[in-house]
Each structure stands twice: as C-alpha cells, then as structure tokens.
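Quick notes on the structure that follows.
The numbers here are math on the coordinates, done by the rules we state, and not lab data. Only a predicted model underlies this, so the values are computations on that prediction, with no experimental measurement involved. So basically every Cβ, Gly included, is an ideal-geometry build from the backbone, and we count neighbours across all protein chains shown.
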Amino acid sequence: MNPNCVAMIRRQREEEEERRGHGTMAETTARPEFPSGEWRGVGVGSVGNVSRLQVAPPDHVGPTKRGHLVFNAAFESGNLGRVDCISEAEYDLFMRPDTCNPRYRVWFNFTVGNVRANQRAIFNLVNFSKTRSLYRDGMTPVVKSTSRPQWTRLPGKHVFYYRSPEHRGRYVVSFAFCFDREEDEYQFAYCFPYTYSQLQRYLDALQARGFDYVHRELLGLSVQQRRLDLLTITSPGNLGPGAKRRVVLVMARVHPGETPSSYVCQGLIDFLVSQQPAAVMLRERLVFKIVPMLNPDGVHLGNYRCSLMGFDLNRSWQDPSPWAHPTLHAVRRHVVTLQAQPNTSVEVCVDVHAHSTLANSFVYGNAFDEAERSSRQLFFPRLLCRNASDFSLASTTFDSDAAKAGTARRSLSTLLSSSCLSYTLEVSFSAFVPPHGGAAVPYTCGSYMNLGKNLARTFLDFYRLQGIIQSIPLSVASERHDRATKPRSGPGRSPKRAPTAPARSSTRDLHG
Ligand SMILES: [Zn+2]
C-alpha cells in the first residue's frame, strides 16, 4: 500500500477518535484508549480484549480469506484491545489499559491465526503508557507457536523502538514477523507469560509430592475469589511447641505484568524443596513463608500494574482494606500473627518484582537515620552479588522516599522489628551484563529461575556467616534429612558422598 495512503488512514482514524472525544493516547487521559465500536468481548475478553477478531485490509471487498489475520486475546492473562489493519502486511495494535486504571498500558499477550505460509507482517504497538522502555536497549517481544511451544525472544534485528511522527510523536515498538507454518497459531507477548492457572498446576503438583516439610494453605481470596496461596517450607520440628522460628518471607507478583518474578519465585521453591544439602540445612534452621502470587486477579485479567479495581497494590500496604485489597490485608494480618507468636521472628522479607527500564537484577532497600541499621541493609545484597553473576550492586539503592511508603518493603519494615531486613528484589525484563563486561545476556525462563536458586543460597550464606547455620559437613545434613523424610532400608544402598567445601559450593554461580 502506498505510504501516503497509510498515513491518510491513520490520520482519518485519529481524527475520528478526536470527534468521539477519546483523546486517544494522551498520557493523562482517564478514558479507555480505543473506540468502543471495536471492542470484542466474551469471558476474559469482556474486559476489553479482542476475541477472535478477523481483520481485512481497508480496501478489501468480499469474503475474508486465508491471510486475513485473526487476533485473539480473550484468554487468561491476554491483552490486546484493538487492531487497525493498515494493509495485509501492517497492523497497528493497541494494548488494553489495566482494568479500572487507564494509566497503565504496557503488557500485551495475544495470538494470531489464519496465516498464510510465509506471510510477512509488521506489527506496531502504538499506545505504550511509558516512554522509557528496555525495548530501546535491545529487549524484544517473545513468541511461540502451536508446533513450537517454547517461548523465545524475537531476533533483535526484527524489532524497532522509535518515536513515531505518524502517532503524534509517541513511542512505538514495531516488529516484523514471517509466519512460516499455515496450520500454526502464533502467540506474542511483552515477556514470558506466567498465569494464575500455571501457578495452581505447579502448586498442585508440589502438594502431590507429599513432602512433610512443605505445607500449602489458603491464606485468603482475591476480590474475584481466586486463591491467595501461602507455602510454608521448613522441617516439621520447627513448627512444634518451644521451637525457635526464624521466618524468611518471600512474595511475588504484586504487579501482574512482572512475570519474571514468578519464575524467580518458582526457582526458589524448587531449590528449597529439593534434596540438595544446602536446601536441607536451610529447612532445618529456617521457616520459609512464600506467597507466590499477591495479585491473582490482575494476573488473570492481563493487567500490567493494577488489581481488578485499578489499585497499584504495591502502594497500598500501609492500610490495606479487607474488601479493596484483600490479599494484602491477609498477608499483613498473617505477618502480625507470626510476629506475635512466642519464639518467632520475621527476619528477612523479599518482595520480587521485574524492572522495565534497567538491566540485571538488583535490590531496593530502606535507608534509616541510624547508621548501624542502614549499614546492616547492605550485607544481604553483597552476599547475593557473590552468588549471582546477573546481580548488580551498582544498581542497588536504598531510600526513605515518602512516595514509596506504601510498598511492601517499607511498610513491612515499619511493622516488624528494627532488626528485620526488608527488600524489593528487581530483575530486568530484558537482560543482564556479566560482571566483567561483554555483551548483555538476555534472560530466559531458566535464568530467572536460577536467580531464585541463587537467592536461596544467599540465605544459607547469610545465616552461616552469623553462626546460625553451622558449617557442618553437608553429608551429615543430607543424611539427617534422608532419615527424617525418606526412611529407606535394605542392603546395597551406597552412602552419599560428602560434597566439597560448603563455603565454595554455597557461593557457586548457577549461571555457568
Ligand atoms: Zn513491580
């Protein structure tokens, strides 16, 4: 299609939107970002996602045919609000704003079907609410297809981030794609999806393994009655009367679009429930309380930042309401109950997030007036930096910013004793730069999970350096665990070999 025609079509559509008063992409608009006439909704699509929407070029007459793409986002965690077909080879795509909060338009997740073999198309995502993005620094959307179900990042050479004069100077991500298999449906997303159902399947499978050191409970329900799961991972003896309970609290996914945090959390859980000697020692001395998904409604709906009701829950921790922020209210109440129990102290809190503008993983911590308390906050990130080559101390910062008072790390540190350490752990949506330089390495689902394992190993170092976890030979801990959890008998069972020095193994980098 002639470029002048394309520009004319876009101009006509934007003028039409102006007449309808939608003021489409203004950063401050409080209205939905697309004309209501183009909404298609059933089920999850009823929040404004396109549902099996087939689009044909503007100059096409007659019945639709193969190659007229079918767009769908009416599924769990889906997000695509509108499609403008500029030509058979180019489409303008509009993200659906978060429910009840049109300020946030970042997460997208949709399928494309009815493709022609070797059909090429350019997709322009034209209504991002952010101007700064890792797309500027080489991040690319992820893709999978029916016959290739593993998510992969699109090649960087096919993705462009730029300020578009055709879209009133807004920032646009464009990517070119060649559909190679006619029978496949293709799925594109902002980053690797991780749905509420995926978490439920994972937790069901974990529960079915019957470990006596893993306890799953329903801590509460979301506004839409989804589960707020709490995992307690510890040796059963730690829950008995009179036992000293050192609690480590880890939470994830308060911001629903920050899917990497779920992979980090799953990596942590996988490690903690494993038979690795380090995991056995951690379970023997510590009580891990893990809330893997703080905002299940937002995740299910395909929001980026908010809950169903449009709240940024990580600004709502100070005084959560049981009806508006029920998951936060339940967690806060649980923490207060824990802290009130005899011999129990919540010692470390880590709230896992993903960052949309910075590379690497890093920590946000709290700054205090007391120098000793401030310097104590540095210890844990330094240990994490030793364990994870993707961790950046340079990006780690500490603040007492009033605007962050409603975050988990700030609010929980106020609620708990002054000795409690409370952090936000951030991991880039995109990539990490290795410690000694070189090209940035794009994160994968596996490397996000490795960060979770490295976080677990850092807890081991943290408590061992304080003398709370003894540097006993790992084989002893492992055998003790085998006796406690997996009683076996019979000849011919060879004893476990003693691993090498614990200090080295505990700081081993899993990215190698
Ligand atoms: Zn976040």
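What is the sum of charges, Lys and Arg at +1 and Asp and Glu at -1, for the other residues whose Cβ falls under 9 Å from the Cβ of SER361?
-2
Students often get this wrong, so check it: of LYS65/LYS144; LYS244/LYS289; LYS130/LYS289; LYS144/LYS404, which have C-alpha atoms separated by over 27 Å?
Over 27 Å Cα-Cα: LYS130/LYS289; LYS144/LYS404.
Given Cβ point charges of +1 (Lys, Arg) and -1 (Asp, Glu) and nothing else, what value in debye, to the nearest 20, does the dipole of the stretch 178-238 about its Cα centre take?
So the magnitude is around 460 debye.
Taking 0.36 nm per residue of separation and subtracting the Cα-Cα distance, what length does fully extending ARG136 through SER417 add?
Difference between extended and current length: 97.0 nm.
In nm, to one decimal, how far is the modelled label at ASP270 from the one at ALA208, with both set 7 Å along Cα→Cβ?
1.8 nm
Once amide H atoms are placed 1.01 Å from N in the peptide plane, what residues at a sequence separation of 5 or more from GLN119, or on another chain, have their amide H within under 5 Å of its amide H?
PHE179
Where the centre of each part is set by its Cα atoms, how far does the stretch 54-122 sit from the stretch 149-218, in angstrom?
16 Å
How big is the charge dipole of the stretch 50-92 about its Cα centre, in debye rounded to the nearest 20, if each Lys and Arg gets +1 on its Cβ and each Asp and Glu gets -1 on its Cβ?
Here the size comes out at about 220 debye.
As an exercise, use a Förster radius of 30 Å and the Cβ-Cβ distance of ALA340 and SER395 to find the FRET efficiency, rounded to the nearest 0.05.
That gives a FRET efficiency of 0.25.
Using the Karplus equation 6.51 cos²θ - 1.76 cosθ + 1.60 (θ = phi - 60°), what ³J(HN,Hα) coupling, rounded to whole Hz, does each residue of the stretch 264-270 give in order, writing x for Gly and Pro?
Each residue's phi maps through the Karplus curve to give 4, 5, 5, x, 5, 5, 3 Hz.
Gain in length, ARG382 to ALA56, computed as 0.36 nm per residue apart minus the alpha-carbon separation, to one decimal in nm?
111.8 nm
Of PHE179, THR146, VAL264, which is farthest along the charge dipole of the stretch 138-271 in the positive direction, counting Lys and Arg as +1 and Asp and Glu as -1 at C-beta?
VAL264
For the stretch 355-422, run through the chymotrypsin sites (Phe, Trp or Tyr not before Pro) and keep only the ones in DSSP coil with at most 16 other Cβ atoms within 10 Å of their Cβ.
Sites meeting the loop and neighbour criteria: PHE368.
Report the semi-axes of the equivalent ellipsoid for the stretch 135-200 in whole Å, largest first, where each axis is √(5λ) for an eigenvalue λ of the Cα gyration tensor.
25, 16, 11
Take the alpha-carbon centre of the stretch 293-340, take the same for the stretch 344-405, and report the distance between them in whole Å.
Using only Cα atoms to place each centre, the spacing works out to 21 Å.
Name the residue from SER374, HIS329, PRO342 whose Cα lies farthest towards the positive end of the charge dipole of the stretch 282-392, charges +1 on Cβ of Lys and Arg and -1 on Cβ of Asp and Glu.
Checked the options; the winner is PRO342.
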